[in-house]
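Here's the structure we're looking at; comments come further down.
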Amino acid sequence: MTRSFFFLLALLLCACTTAYSQDQHIIIIKGIVISSTTGTAVSYATVSLPGNGIKTFSNEEGKFILKIPA
């Protein structure tokens, strides 16, 4: 019984550490790409951060979510 208890405790600690580390190391930026000339949403535009290769695309409504590892 003691062996099962320590195995379960170790398993729970690993699961908690993994979940904690995933939530703490991502920055999320949400927005809408809007044309400066027409003021309308820009569909399928590329949104990126220069110099690090992180990019995403806006949807048909111009909305995007950019996830950046911290």
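The values are calculated or read from the model by the stated rules, or taken from the named source; none is laboratory data. Everything quoted here is computed from the prediction, not taken from an experiment. Note: accessible area is taken over every heavy atom of the protein model, side chains too, but ligands, DNA and RNA are not part of it. Shrake-Rupley method; radii C 1.70, N 1.55, O 1.52, S 1.80 Å.
Suppose we filter 63, 67 for residues that are modelled with pLDDT of 90 or more and basic (Lys, Arg); which single one remains?
Going through 63, 67 in turn, the sole match is 63.
Anything in region 44-70 that is assigned to a strand (DSSP E or B), aromatic (Phe, Trp, Tyr) and open to solvent by 70 Å² or more (accessible area, probe 1.4 Å)? List them, or say none.
57
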